[in-house]
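Asks: Dropping a structure here in structure tokens format, bear with me for questions.
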Amino acid sequence: MADERETYTHGHADSVLRSHRQRTAENSAGYLLERLRPGLDLLDVGCGPGTISVDLARRVAPGRVLAIDAAEDVVASARAEADAAGLDNLEVRIGDVYALELDDGAFDVVHAHQVLQHVARPVDALREMRRVTRAGGVVAARDSIYRAMTWAPAEPAMDRWLEVYCAVAEANGGEPDAGRHLEHWAREAGFGEVVASESSWHWTTPDERTWWSDLWADRISITALADRAVELGVSTREELADLAAAWRRWGAQPDGWFEVPCGEILCPR
């Protein structure tokens, strides 16, 4: 069952879902794509609004894809995405990564993108993902490493943004640097072979900088993240407004760069 310590740090505000809807199999699961082929059955854990799930379903069709998420509102969004895609091999439903209501060895591929950073018991989650993976299948996970994020030009207030985010994420039971722990967690979960890799997202063009900075200006000031920061005493509304302004200053720079490094693992069953 879900851990009582866990609170999803980002929430599901529009600024969060706008970001998540930009994710595709190509830009967020490239390390997995060579392992996919038509006819494989795939479980997508923590599917969010479902854009990656749709891409994965197209790649493994006629294999079935089950996409799950713990939040009812985002499951509804993912169902709408699946319906719009017109795929008959994709099902979306509510699910708990700690207690998947699935038979042992039900899937060839079990995938989780940016999920393990938000759970209080990532090793338990990986054990359950391993349980529902068939012999010869693979568990795949990708998570960001917040404290390795980098940007230019320097914007000192954004250093404080990172401190606030990490403090809230940890208080919510998560690990904001999950990407660097994935291999260790997988071995603790019982995987004998783990193939680790790294990739990153980056935002460099004027349009990309505007999009990314506007998202984070909203996320740090008017979403569940902001509410939780104030509730915990990590920050104040005034400071969060200042951090939002810093994000927008960075976004207006003519030569700005922002990079999000991510750790990845492929774990054969």
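The values are calculated or read from the model by the stated rules, or taken from the named source; none is laboratory data. Everything quoted here is computed from the prediction, not taken from an experiment. Here Cβ is always computed from backbone atoms with ideal geometry, including for glycine, and neighbour counts include all displayed protein chains. With ligands, DNA and RNA removed, areas are computed over all heavy atoms of the protein, side chains included. Shrake-Rupley method; radii C 1.70, N 1.55, O 1.52, S 1.80 Å.
Asks: Somewhere in segment 105-116, is a residue closer than 21 Å to Leu215 by Cβ and surrounded by fewer than 24 Cβ atoms within 10 Å (Cβ to Cβ)?
Replies: yes
Table: residues versus (1) more than 27 Å from Ala252 (Cα to Cα); (2) of a type in the set (Gly, Ala, Ser); (3) open to solvent by less than 20 Å² (accessible area, probe 1.4 Å).
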| residue | (1), (2), (3) |
| --- | --- |
| Glu155 | no, no, no |
| Arg160 | no, no, no |
| Ala169 | yes, yes, yes |
| Phe191 | yes, no, yes |
| His202 | no, no, no |
| Asp207 | no, no, no |
| Ser221 | no, yes, no |
| Ala229 | no, yes, yes |
| Arg237 | no, no, no |
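Asks: Across segment 171-183, which residue is farthest from the chain's Cα centre (by Cα) among those that are in a helix (DSSP H, G or I) and of a type in the set (Gly, Ala, Ser)?
Replies: Ala171
Asks: Residue check: is Leu36 in contact (Cβ under 8 Å) with a residue 12 or more places away in the chain and more than 22 Å from Ala186 (Cβ to Cβ)?
Replies: no
Asks: Here is a further query. So, Gly136, is that one in a loop (DSSP other than H, G, I, E, B), open to solvent by 10 Å² or more (accessible area, probe 1.4 Å) and touching a residue at least 60 places away in the same chain (Cβ under 8 Å) or not?
Replies: No.
Asks: Another question, then. Could you figure out which of (1) of a type in the set (Gly, Ala, Ser); (2) at pLDDT below 95; (3) part of a helix (DSSP H, G or I) isn't true of Ala186?
Replies: Going through (1) of a type in the set (Gly, Ala, Ser); (2) at pLDDT below 95; (3) part of a helix (DSSP H, G or I) one by one, Ala186 breaks only (2).
Asks: Now for a different question. List, please: which pairs have Cβ atoms under 6 Å, are six or more places apart or on different chains, and start with a residue in segment 252-266 that is over 15 Å from His202 (Cα atoms) and end with one that is surrounded by 21 or more Cβ atoms within 10 Å (Cβ to Cβ)?
Replies: Between residues of segment 252-266 that are over 15 Å from His202 (Cα atoms) and residues that are surrounded by 21 or more Cβ atoms within 10 Å (Cβ to Cβ), the close pairs are Glu264/Arg142; Ile265/Ala141; Ile265/Leu182; Ile265/Ala186; Leu266/Val138; Leu266/Ala140.
Asks: Of all residues in segment 60-89, which are more than 29 Å from Val123 (Cβ to Cβ), open to solvent by less than 60 Å² (accessible area, probe 1.4 Å) and not in a helix (DSSP H, G or I)?
Replies: Ala61, Leu87, Asn89
Asks: What residue, of Glu91, Glu81, Glu101, is more than 27 Å from Tyr146 (Cα to Cα), in contact with a helix residue (DSSP H, G or I) (Cβ under 7 Å, 6 or more places away or on another chain) and among the charged types (D, E, K, R)?
Replies: Sole residue among the options that is more than 27 Å from Tyr146 (Cα to Cα), in contact with a helix residue (DSSP H, G or I) (Cβ under 7 Å, 6 or more places away or on another chain) and among the charged types (D, E, K, R): Glu81.
Asks: Being modelled with pLDDT under 95, of a type in the set (Asp, Glu) and farther than 14 Å from Ala112 by Cβ narrows it down to one residue among Glu4, Glu34; which is it?
Replies: Glu4
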